[in-house]
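Engineer: Quick one: the structure is below, questions incoming.
The values are calculated or read from the model by the stated rules, or taken from the named source; none is laboratory data. From a predicted model like this one, the values you see are computed outputs, not experimental measurements. When we count neighbours, we look across all protein chains shown, and the Cβ atoms used for this are built from the backbone with ideal geometry, even at glycine. When the accessible area is computed, the model is the full protein with side chains, heavy atoms only, and any ligands, DNA or RNA have been set aside. Shrake-Rupley method; radii C 1.70, N 1.55, O 1.52, S 1.80 Å.
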Amino acid sequence: MNMLISVIIPVFNEELNIPIISNSIAAVFEQLTLDYEIIFVNDGSTDNSLQALKEAEKTNENIYYISFSRNFGKDNALLAGFDFAKGDAVITMDADMQHPPELIPKLIALWQQGNAVVYTYREDKNEYAKKINQLSSTLFYRLINHLSDVDLEDGIADYRLLDKKVVAILNNLHEDRPFFRGLVKWVGFQQTGIPYTPQARAAGTTKYNHKALVRLALQGLTSFSVKPLNIAIYLGFSFSALSICYLPYVIYSLLYGKAISGWASTIVTIVFFGGLQLMILGIMGIYLGKLFMQSKQRPKYIIDEMNIR
Ligand code: UDP
Ligand code: MG
């Protein structure tokens, strides 16, 4: 029996990119003489992406699409792809051509050599990548690695190949808002990574603004560690220790009857500790919120239509 490779592509307002990436991937697989399927997951696009997918499907029988009822986020789109992929290996990549399709043969070769996961990481060759890395990634991964138990490499992309045994595990995690960058590392097995140089977007604009990136960072951090909860304990101890230093001054004032003026310092202290407590409450709130969302067991996505039987 021939090997089948599934390519999963999340799509959110990528109407112009759909024909481009479909053709590039088809060209790659024609060279490889491997069976393949491309599963586009339309994550509630508001442009003509769905029409573009229906057009693409007519031209190539290997193209499938799943269309959500609204935007559920990229990770849930990937999850839907995992649910329906039939391949012996699954490749996930972005729709905007930033993940070069020419790398696919290399991903497959490394898989055939026995790797269950072949991931990719950005190499800073051009200015575009440098800007992105310097800003968000480096700090983000440092923080995650420091605070959690899985080691993530800097610049890891959502462009990777997964063996079907790994896909089966990811499918059964049932995590609310799965953070795949961490989860893929967490499953273990033999893994290897290859560098790639990200290209500029073929068309359209990025779907992640600064607000979304901060949300993603918090998501990544809190889904892999409970260490932030310890911050309260450390800070509590530190400030208790600090406050002891204040004692000699209090005793001195008491003995010598000096009037304790210092309204400003009192207020500053109150404001400072008020802020600190709110911050810690916020951290606990995030974890509580995760429990809440998880306990509801809502479906991770809702399919409006698809052409997979
Ligand atoms: N995407 C998605 N749902 C979203 C946001 C993005 O499916 O809510 C898709 C998007 O269409 C693209 C991929 O995720 O295929 C990566 O998005 P983008 O290129 O905007 O991210 P960036 O490369 O700027 O990090
Ligand atoms: Mg992109």
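Engineer: Check TYR159: other-chain or 5+ apart residues with amide H under 5 Å from its amide H, H built from backbone geometry?
Structural biologist: THR120
Engineer: From the protein chains alone at 1.4 Å, what is the descending order of accessible area for ASP94, ASP43, largest first? Don't skip to the end; give the middle numbers.
Structural biologist: On the way: ASP94 30, ASP43 5 Å².
In descending accessible area the options line up as ASP94, ASP43.
Engineer: Read phi for every residue in region 292-302 and hand back ³J(HN,Hα) as whole Hz from Karplus 6.51 cos²θ - 1.76 cosθ + 1.60, θ = phi - 60°, with x for Gly and Pro.
Structural biologist: For region 292-302, the Karplus curve yields 4, 5, 5, 5, 6, 6, 6, x, 7, 7, 10 Hz.
Engineer: Oh, and also: Report the charge-dipole magnitude of region 18-71 in Debye, nearest 20, computed about the Cα centre from +1 at each Lys and Arg Cβ and -1 at each Asp and Glu Cβ. Before the final figure, lay out each step's value.
Structural biologist: Details: 3 positive and 8 negative charges, 38 e Å.
For this selection, approximately 180 debye.
Engineer: Along the charge dipole of the chain, pointing to its positive end and built from +1/-1 on Cβ of Lys, Arg, Asp and Glu, which listed residue (VAL226, PHE68, SER22) has its Cα farthest out?
Structural biologist: In the chain, that residue is VAL226.
Engineer: Shifting gears a bit: Rounded, prolate or oblate: which fits region 30-131, taking a ≥ b ≥ c as square roots of the Cα gyration tensor eigenvalues, rounded meaning a/c under 1.5, else prolate when a/b beats b/c? Don't skip to the end; give the middle numbers.
Structural biologist: Details: a/c = 1.66, a/b = 1.22, b/c = 1.36.
Oblate, because a/c is 1.5 or more while a/b does not exceed b/c.
Engineer: Among LEU147, LEU103, LEU235, determine the one that fluctuates most according to a GNM of the chain built with springs between C-alpha atoms less than 10 Å apart.
Structural biologist: Answer for the Gaussian network model of the chain: LEU235.
Engineer: Still on this structure: Could you size up the charge dipole of the chain around its Cα centre, putting +1 on the beta carbon of Lys and Arg and -1 on that of Asp and Glu, and report it in debye to the nearest 20? Working shown, then result.
Structural biologist: Values: 28 positive and 29 negative charges, 257 e Å.
The dipole magnitude comes to about 1240 debye.
Engineer: So what are the ³J(HN,Hα) numbers for region 264-275, from phi and the Karplus equation (6.51, -1.76, 1.60; θ = phi - 60°), rounded to whole Hz, Gly and Pro as x?
Structural biologist: Whole-Hz 3J(HN,Hα) from phi for region 264-275: 4, 5, 5, 4, 4, 4, 4, 4, 4, 6, x, x.
Engineer: What does the highest-first list of 84-93, 186-195 look like by mean Cβ count within 10 Å? If you can, show how the numbers build up before the last one.
Structural biologist: Numbers: 84-93: 22.3, 186-195: 14.7.
Order by mean packing, descending: 84-93, 186-195.
Engineer: Could you work out the Kirkwood radius for region 1-61, taking every pair of different alpha carbons, averaging 1/r and inverting it, reported in Å?
Structural biologist: Working: mean 1/r = 0.0827 Å⁻¹.
So the Kirkwood estimate lands at 12.1 Å.
Engineer: Given 0.36 nm per residue, what is the gain on full extension from THR138 to ILE20 after removing their alpha carbon distance, in nm? Present the calculation step by step, with values, prior to reporting the outcome.
Structural biologist: Working: separation 118, 0.36 × 118 = 42.48 nm, distance 3.08 nm.
Here the segment from THR138 to ILE20 would lengthen by 39.4 nm.
Engineer: At q = 0.10 Å⁻¹, what base-10 log of I(q)/I(0) does the Debye formula yield for region 155-259 when every alpha carbon is treated as an equal point scatterer in vacuo?
Structural biologist: -0.56
Engineer: By its C-alpha gyration tensor, with a ≥ b ≥ c as the square roots of the eigenvalues, how is region 195-248 shaped: rounded for a/c under 1.5, else prolate for a/b larger than b/c, else oblate?
Structural biologist: Details: a/c = 3.95, a/b = 3.35, b/c = 1.18.
Prolate is the answer for region 195-248, as a/c is 1.5 or above and a/b outweighs b/c.
Engineer: Moving on to the next point. Mind checking the per residue accessible area of region 61-128 for me, 1.4 Å probe, whole number of Å²?
Structural biologist: Details: 2560 Å² over 68 residues.
Accessible surface, normalised per residue, equals 38 Å².
Engineer: Region 224-291: Rg/Rh from Cα coordinates, Kirkwood Rh? Show your work: numbers first, answer last.
Structural biologist: Numbers: Rg = 16.9 Å, Rh = 14.5 Å.
So for region 224-291, dividing Rg by the Kirkwood Rh gives 1.17.
Engineer: Work from the charge dipole of the chain (Cβ charges, +1 for Lys and Arg, -1 for Asp and Glu, about the Cα centre) and give the residue of LEU53, ALA77, CYS245 farthest towards its positive end.
Structural biologist: Checked the options; the winner is CYS245.
Engineer: Moving on to the next point. Using a 10 angstrom cutoff on alpha carbons, build the Gaussian network for the chain and name the most mobile of LYS58, LYS106, LYS211.
Structural biologist: Between LYS58, LYS106, LYS211, it is LYS211 that shows the largest mean-square fluctuation.
Engineer: Something else about it: Divide by every residue of the chain the summed helix terms, -39500 (n - 2.57) for each DSSP H run of at least 4, and state the resulting mean residue ellipticity at 222 nm, rounded to the nearest 500 deg cm²/dmol.
Structural biologist: Details: 12 runs with 149 residues, N = 309.
Only helices count here, giving -15000 deg cm²/dmol.
Engineer: Length gain on complete extension for the stretch PHE189 to VAL271, per 0.36 nm per residue less the alpha carbon to alpha carbon distance?
Structural biologist: Details: separation 82, 0.36 × 82 = 29.52 nm, distance 4.94 nm.
Result for the pair: 24.6 nm of gain on full extension.
Engineer: Write down the Kirkwood hydrodynamic radius of region 266-309, to one decimal in angstroms, obtained as one divided by the mean of 1/r over all alpha carbon pairs.
Structural biologist: Numbers: mean 1/r = 0.0715 Å⁻¹.
With all distinct Cα pairs of region 266-309 included, I get 14.0 Å.
Engineer: Can you give me the Cα centroid spacing of region 154-227 and region 253-305 in angstrom?
Structural biologist: Between the Cα centres of region 154-227 and region 253-305 lies a distance of 29 Å.
Engineer: For the peptides 2-9, 60-67, what is the packing order when you average, over each peptide's residues, the other Cβ atoms within 10 Å and list the highest mean first? Provide the component values of the computation, followed by the final result.
Structural biologist: On the way: 2-9: 20.9, 60-67: 19.4.
The peptides rank, most packed first, as 2-9, 60-67.
Engineer: Here's another thing I want to ask about it. Can you give me the % of accessible surface on region 1-102 that is carbon or sulfur? Probe 1.4 Å, all protein chains present, nothing else counted. Each step should come with its number before you reach the end.
Structural biologist: On the way: 1940 of 3980 Å².
The computed percentage sits at 49.
Engineer: About its Cα centre, how strong a charge dipole does region 174-309 have in debye, to the nearest 20, once Lys and Arg get +1 and Asp and Glu get -1 at the Cβ?
Structural biologist: Details: 14 positive and 4 negative charges, 69 e Å.
Dipole about the Cα centre, nearest 20: 320 debye.
Engineer: Suppose we look only past 26 Å in the calculated P(r) of the chain. What percent of the Cα-Cα pairs does that tail hold? Mind showing how you got there, number by number?
Structural biologist: Numbers: 25483 of 47586 pairs.
Of the Cα pairs, 54 percent sit more than 26 Å apart.
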